[in-house]
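Remarks on the structure that follows.
The values are calculated or read from the model by the stated rules, or taken from the named source; none is laboratory data. Since we're looking at a predicted model, the values are computed, not measured. Because the Cβ atoms are built from the backbone with ideal geometry, glycine has one as well, and the counts that use them run over all protein chains shown.
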Amino acid sequence: MDAVKRYRIAVIPGDGVGKEVIPAGQRVLEAAVAGHAELAWTVLPWGSDYYRQTGAMMPPDGLEILRGFDAIYLGAVGDPPHVPDHVTLWGLLLPIRKAFDLYVNVRPIKLLPGLQGPLRNKGPEHIDMVFVRENTEGEYAGAGGRVHVGTPHEVALETAVFSRFNVERVVRYTFELARTRRKRLTSITKSNAQQHAMVFWDAVVAEVARDYPDVEVTSLLVDAAAALMVRAPERFDVAVGSNLFADILTDLGGALMGSLGLPPSANLAYNPRLPSLFEPVHGSAPDIAGRGLANPIATVWAGAMMLDHLGETEAANRIMTAIEALTAEGNVLTPDLGGTATTDQVAGRIIELL
Ligand code: GGG
């Protein structure tokens with residue numbers, strides 16, 4: 001008999017609805033692996049409550065603590081107006097991405113069966129793409145500063161950083177992914193206006209493309225890409241973009257799916273010995289937090305991506321099949337999808353459908 005595998009998973013529910021969707025996700029994952037694998041959860045109460053008690057979003061040795069885990073399962077960060085958004089993000093999520101070199105952020109955008117996004121004439125055959133977001137530098141490199149603060153001559157700089165090593169590996173990851181799908185890659189920049197880094201990005205894509213002659217490459221400016229995602233989403237298969245552009249476009253993608261409560265994301269470590277991080281694309285949604293109304297699907301789906309990453313592919317596939325069965329039957333959905341079910345009821349129904 002095969003030994004039951006044991007995975008050490010750091011759980012950071014974080015803020016707002018993160019505290020509701022993460023326990024729902026844990027329940028589904030537990031049910032999916034039951035009898036085959038053990039998920040050894042360590043819940044870390046880091047986030048804005050921790051910040052209010054200690055002045056920091058995580059302890060000083062937080063990154064060292066996380067290093068010992070096989071994966072990180074994160075809910076959401078953000079507690080405006082109590083803690084400024086840049087404090088929550090730079091105190092927890094962005095340092096984790098940088099410390100463990102989580103170089104790509106993989107975000108599937110896919111219309112699930114039975115759901116209707118805002119594009120009435122587009123079905124699941126039209127909306128099925130994967131975004132690869134550059135995840136450690138670009139516009140979120142944290143390079144910049146402010147001078148002449150408090151004077152009429154105040155200046156603020158936010159410098160985008162694009163290194164050849166990083167852009168090349170992100171683009172290469174995307175080409176490899178394209179080969180597993182419809183072999184169509186869209187690279188998204190703003191290289192008409194941003195004449196240094198974005199022209200460089202285009203050049204790196206062209207260089208790497210020479211190793212993938214079987215993949216069709218399209219380059220789009222980000223503004224045109226946003227319009228095309230709405231007008232003709234079927235033109236997208238695999239897309240790659242900078243930290244900021246792909247962050248924005250995947251929220252648009254969530255809207256095309258019918259709710260931001262749906263898209264998941266996998267922040268993958270370049271070094272497979274370091275933990276990767278899995279989270280819903282959405283944030284802490286303070287407007288609905290604490291009411292049991294949050295859609296757990298993005299978090300459950302992110303959990304399936306985590307299981308797949310850990311090698312529990314069969315369990316991951318069963319979760320995805322159950323999510324699709326849930327949306328197809330359409331009678332246990334949270335209010336963002338027009339239903340009346342609670343977070344826990346949706347998780348419970350997914351478990352029944354496993
Ligand atoms: N689910 C994680 C979360 O809280 N996302 C909100 C957010 O603002 N994320 C910024 C980012 O992904 O860079």
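How many of the residues in the range 240-268 are touching an Asp or Glu at 6+ places or on another chain (Cβ under 6 Å) and part of a strand (DSSP E or B)? So the count comes out to 1.
Each row is one residue, and each column tells you yes or no for (1) in contact with a Pro (Cβ under 9 Å, 6 or more places away or on another chain); (2) among the β-branched types (Val, Ile, Thr); (3) within 16 Å of GLY75 (Cβ to Cβ).
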residue	(1), (2), (3)
LEU220	no, no, no
VAL238	no, yes, no
ILE248	no, yes, no
LEU268	no, no, no
VAL281	yes, yes, yes
TRP301	yes, no, yes
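Summed over the range 1-45, residues that are in a strand (DSSP E or B) and of a type in the set (Gly, Ala, Ser) total 4.
The single residue among ALA289, ALA347 that is surrounded by 23 or more Cβ atoms within 10 Å (Cβ to Cβ), assigned by TED's automatic domain parsing to the domain that holds LEU39 and at pLDDT 95 or above turns out to be ALA347. Output yes when any residue across the range 64-78 is in contact with a Gly (Cβ under 9 Å, 6 or more places away or on another chain), modelled with pLDDT of 95 or more and away from the ligand (no atom under 16 Å from the Cβ), and no when none is. Scanning the range 64-78, I find no residue that is in contact with a Gly (Cβ under 9 Å, 6 or more places away or on another chain), modelled with pLDDT of 95 or more and away from the ligand (no atom under 16 Å from the Cβ), so the answer is no.
Residues in the range 269-301 that are under 12 Å from the mean Cα position of the chain (by Cα), within 14 Å of the ligand (Cβ to nearest atom) and outside any helix (DSSP H, G or I): LEU277, PHE278, GLU279, PRO280, VAL281, HIS282, GLY283.
Note on the range 252-268: residues that are within 10 Å of the chain's Cα centre (by Cα) and within 11 Å of the ligand (Cβ to nearest atom) amount to 4.
Please go through the range 104-120 and pick out each residue that is in contact with a helix residue (DSSP H, G or I) (Cβ under 6 Å, 6 or more places away or on another chain) and either among the basic types (Lys, Arg) or within 16 Å of the ligand (Cβ to nearest atom) (or both). Hits for the range 104-120 are VAL104, ARG107, ILE109.
The residues of the range 44-66 that are exposed (fewer than 14 other Cβ atoms within 10 Å of the Cβ) and either among the charged types (D, E, K, R) or closer than 30 Å to GLY311 by Cα (or both), listed by number, are PRO45, ARG52, ASP61, GLU64.
Does the range 83-91 include one or more residues that are without any contact (Cβ under 8 Å) to a residue 12 or more places away in the chain, more than 13 Å from the ligand (Cβ to nearest atom) and more than 18 Å from SER265 (Cβ to Cβ)? Scanning the range 83-91, I find no residue that is without any contact (Cβ under 8 Å) to a residue 12 or more places away in the chain, more than 13 Å from the ligand (Cβ to nearest atom) and more than 18 Å from SER265 (Cβ to Cβ), so the answer is no. Residues that are surrounded by 14 or more Cβ atoms within 10 Å (Cβ to Cβ) number at least 3 in the following strands (runs of 3 or more DSSP E) confined to the range 115-216: 128-134, 138-147, 184-189.
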